[in-house]
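The values are calculated or read from the model by the stated rules, or taken from the named source; none is laboratory data. The structure displayed is predicted, hence computed values, not measured ones. We place every Cβ from the backbone using ideal geometry, glycine too, and count neighbours over all the protein chains shown.
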Amino acid sequence: MKDAFGIPQSLLVLGGTSEIALATVRRLVVRRTRTVWLAGRPSPGLESAATELRALGAEVRTLAFDALDPESHEAVLGKVFAEGDIDMVLLAFGILGDQAHDEREPVAAVRVAQTNYTGAVSAGLVSARALQTQGHGSLVVLSSVAGERARRADFIYGSSKAGLDVFAQGLGDALHGTGVHVMVVRPGFVRSRMTAGLEEAPLATTPEAVATAIELGLRRRSETVWVPGALRVVMSAVRHLPRALVRRLPL
Ligand SMILES: NC(=O)c1ccc[n+]([C@@H]2O[C@H](COP(=O)([O-])OP(=O)(O)OC[C@H]3O[C@@H](n4cnc5c(N)ncnc54)[C@H](OP(=O)(O)O)[C@@H]3O)[C@@H](O)[C@H]2O)c1
């Protein structure tokens, strides 16, 4: 169960090597989280992330999870929930893709959509049902400001995040009053493996800052979290700009 401050004791990460997810888990383990499941594609990185978290005092298990294999999600995630209650599921997997390449190779573009959107629809529904069955818990979904407005530079990724964001909002509404809380996290540019080598966008932030915002959001039981918070105001303005103007912005 979560403590009185909303910090989970047990946590399942989908996308167990994500830098944002691992910064969040480190932060929560220092607070109270004791049991961590890292679900992801099997790799040395997944195992070393588990080793690092064990050194902080958490009991950590890894399991094979592939967002691109939705048929397996029920069985894979079912095993985790069968072992005991999970207070928080962090849906962190995602790929950025390569916009220019993916425009030329539609199959690659579909892979972005299938990972970020349909993979999350499947894993999100399976997790939500399990949380609802136990009667409590949070589903924290890493969306992105990229889903707020189409941008020439990354609209394939952005459209997948727009779908994910609306899906997660609706899921939160569907679960309202059930004891299960869905929190949509919308970071801007985060300096992580995903953005390595890319030119930084304004208001760039860090995985640790996202982790801090997630912890605060859990304590407040927020439904939406922007990182940094100033992006909420910036994006509400950007959302209403005329398209002709957005096309000329260096976004
Ligand atoms: N970095 C940013 O600027 C930024 C901004 C806004 C939102 N986000 C979102 O935040 C989340 C985490 O991003 P990050 O910055 O922490 O990037 P990251 O370190 O590259 O993490 C991405 C994660 O997704 C996993 N993944 C990719 N394809 C998968 C699949 N088919 N099945 C299972 N796992 C898969 C990766 O696992 P492998 O180790 O197997 O590759 C990795 O754990 C993503 O959803 C991203 O879209 C990031």
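Just the residues that are within 7 Å of the ligand (Cβ to nearest atom), under 19 Å from Gly158 (Cβ atoms) and either crowded, with 18+ Cβ neighbours inside 10 Å or hydroxyl-bearing (Ser, Thr, Tyr) (or both), please, taken from the stretch 187-209. Once the filter is applied, which keeps residues that are within 7 Å of the ligand (Cβ to nearest atom), under 19 Å from Gly158 (Cβ atoms) and either crowded, with 18+ Cβ neighbours inside 10 Å or hydroxyl-bearing (Ser, Thr, Tyr) (or both), the stretch 187-209 yields Pro187, Gly188, Phe189, Val190, Ser192, Thr195. Restricting attention to the stretch 162-186 and to residues that are in contact with a strand residue (DSSP E or B) (Cβ under 7 Å, 6 or more places away or on another chain) and small (Gly, Ala, Ser), the residue that is surrounded by the most Cβ atoms within 10 Å (Cβ to Cβ) turns out to be Ala168.
Can you find even one residue in the stretch 106-119 that is within 14 Å of the ligand (Cβ to nearest atom), touching a residue at least 60 places away in the same chain (Cβ under 8 Å) and crowded, with 21+ Cβ neighbours inside 10 Å? Scanning the stretch 106-119 turns up no residue that is within 14 Å of the ligand (Cβ to nearest atom), touching a residue at least 60 places away in the same chain (Cβ under 8 Å) and crowded, with 21+ Cβ neighbours inside 10 Å. Could you tell me how many of the residues in the stretch 27-55 are surrounded by 18 or more Cβ atoms within 10 Å (Cβ to Cβ) and over 23 Å from Lys79 (Cβ atoms)? Total meeting the criteria: 1. Of all residues assigned to the stretch 112-127, at least one qualifies as being within 17 Å of Gly40 (Cα to Cα) and touching an Asp or Glu at 6+ places or on another chain (Cβ under 7 Å). Exactly one of (1) assigned to a loop (DSSP other than H, G, I, E, B); (2) at pLDDT 95 or above is unmet by Gln169. Its number? Checking Gln169 against (1) assigned to a loop (DSSP other than H, G, I, E, B); (2) at pLDDT 95 or above, the one that fails is (1).
Out of Ser127, Ser143, one residue alone is touching a Leu at 6+ places or on another chain (Cβ under 6 Å) and more than 12 Å from the ligand (Cβ to nearest atom). It is Ser127.
Residue count for the stretch 121-160, restricted to those that are within 18 Å of Val190 (Cβ to Cβ), in contact with a strand residue (DSSP E or B) (Cβ under 6 Å, 6 or more places away or on another chain) and either among the aliphatic types (A, V, I, L, M) or assigned to a helix (DSSP H, G or I) (or both): 4.
Contact annotation: residue pairs with Cβ atoms under 7 Å, 6 or more positions apart or on different chains, pairing a residue in the stretch 87-103 that is within 15 Å of Arg193 (Cβ to Cβ) and of a type in the set (Val, Ile, Thr) with a partner that is within 15 Å of the ligand (Cβ to nearest atom) and modelled with pLDDT of 95 or more, are Ile95/Val112; Ile95/Thr115; Ile95/Asn116. Among the residues here, Val60 qualifies as surrounded by 15 or more Cβ atoms within 10 Å (Cβ to Cβ), of a type in the set (Val, Ile, Thr) and not in a loop (DSSP other than H, G, I, E, B).
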